[in-house]
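The values are calculated or read from the model by the stated rules, or taken from the named source; none is laboratory data. No experiment lies behind these values; they were computed from the predicted model shown. Note that we place each Cβ from the backbone using ideal geometry, even for glycine, and neighbour counts take in every protein chain shown. Side chains are part of the model used for accessible areas, which takes the heavy atoms of the whole protein and leaves out ligands, DNA and RNA. Shrake-Rupley method; radii C 1.70, N 1.55, O 1.52, S 1.80 Å.
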Amino acid sequence: MSHGRRRFRTAAVGAVLAVAALAGCTSGPAAGPAAPGTASAPPSASAPSPSKPAPTSAPTPAPTSPWGGSPGSVAAVGDSLTRAFDACSLLADCPEASWATGTDPAVNSLALRLLGAGRVAGNSWNLARSGARVAALPEQMARAAAERPGLVTVMIGANDACRPTPAGMTPVADFRRSFETAMARLRKGAPEARVYVASVPDLLRLWDTGRTSPTALRVWELGVCGAMLADPEDLGAAAEERRAAVRDRVVAYNEVLADVCAADGLCRYDGGAVFGFRFDGSLLSPWDWFHPSREGQARLAELAYRRITGK
């Protein structure tokens, strides 16, 4: 999510992390007597003898799923959640702890699970950027396509909602346009790449998790995700309406992610797994109470792995 040196950059965690989504034949009615005015068809002269069963056709093999097998490489696009911002030290990316492409065995990233430790370094690319919004995704996707990856992970949208005020949030139509353009850029250069799309975290759940923590309250005063987290102890009608507006926008973003992904045969949306996941304090960065800690990154990796492999 967004972050500045003079104030904690907003990014998203996640509320996070909430970071997994998505008949027989009936026999017809028994034949009855012929309707008036119609003639019954005569028995076929070529009907097989009762002693000889009718020939059967060979069963049609089930189509092979395009998701079968493991990808040979992984590219990650998105924002600070995928860069593991504030997971290892204050105000710094920690890509080795990334849920998507990290090398830290304690996190056991998606790339580690799918590729194995010996192949991650040369076959994975973390192209996400802290502070990125969906408008930056087409350029990131073009860079990912140039690597011809077997799998691309997408986690974007928290910064589009986490503005200083709700008025600054990215309009839903613009969000859709950017995401559609990003997918088109990927398909132009990597038509066979599989895509995993994570939902945007539930920022209202993040507020609810941290609003009773003195540490979280002190940190959030520095300007983290003002649209949702400003005045976290204010339970008045105006504050509640502001938070509801942000949550509604996140829900709308997730609907866009699901819709656009569903139109692509090689894309899997997480079904709202990240949005629905509740992170407690142990899964959030101790420096900003917003981004995932190493443990939180590990949970994101687990959610993604389950959705991608069905395990």
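Ignoring ligands, DNA and RNA, what percent of the 1.4 Å accessible area of segment 191-311 is carbon and sulfur?
Numbers: 2430 of 4920 Å².
Of the solvent-accessible surface of segment 191-311, carbon and sulfur hold 49 percent.
How much net charge surrounds V107 when only the other residues with a Cβ under 9 Å from the Cβ of V107 are counted, with Lys and Arg +1 and Asp and Glu -1?
In short, -2.
Full extension from K311 to A262: what is 0.36 nm times the residue separation minus their Cα-Cα distance, to one decimal in nm?
Length gained, K311 through A262: 15.5 nm.
Using protein chains only and a probe of 1.4 angstrom, how many square angstrom of W207 are accessible, to the nearest 10?
Result for W207: roughly 20 Å² accessible.
Could you please state, rounded to a whole Å, how far the C-alpha centre of segment 99-178 is from the C-alpha centre of segment 236-311?
Cα centroid to Cα centroid, the span is 13 Å.
Sorted by mean Cβ packing within 10 Å, highest first, what order do the peptides 236-249, 266-279, 73-86, 217-230 take?
73-86, 266-279, 217-230, 236-249
What FRET efficiency comes out for the pair R218/V172, r = Cβ-Cβ distance, R0 = 25 Å, nearest 0.05? Walk me through the numbers on the way to the answer.
Numbers: r = 33 Å, r/R0 = 1.33.
Computed FRET efficiency for R218 and V172: 0.15.
Please compute the per residue accessible area over segment 169-311 with all protein chains in place, 1.4 Å probe, rounded to a whole number of Å².
Ligands and nucleic acids excluded, the figure is 42 Å² per residue.
Mind putting a number on the dipole of segment 148-207 about its Cα centre? Charges go on the C-beta only, +1 for Lys and Arg and -1 for Asp and Glu, and I need it in Debye to the nearest 20.
Around 220 debye, computed over segment 148-207.
Farthest toward the dipole's positive end in segment 165-303, which of S285, A182, A252, given Cβ charges of +1 (Lys, Arg) and -1 (Asp, Glu) about the Cα centre?
Highest projection toward the positive end goes to A182.
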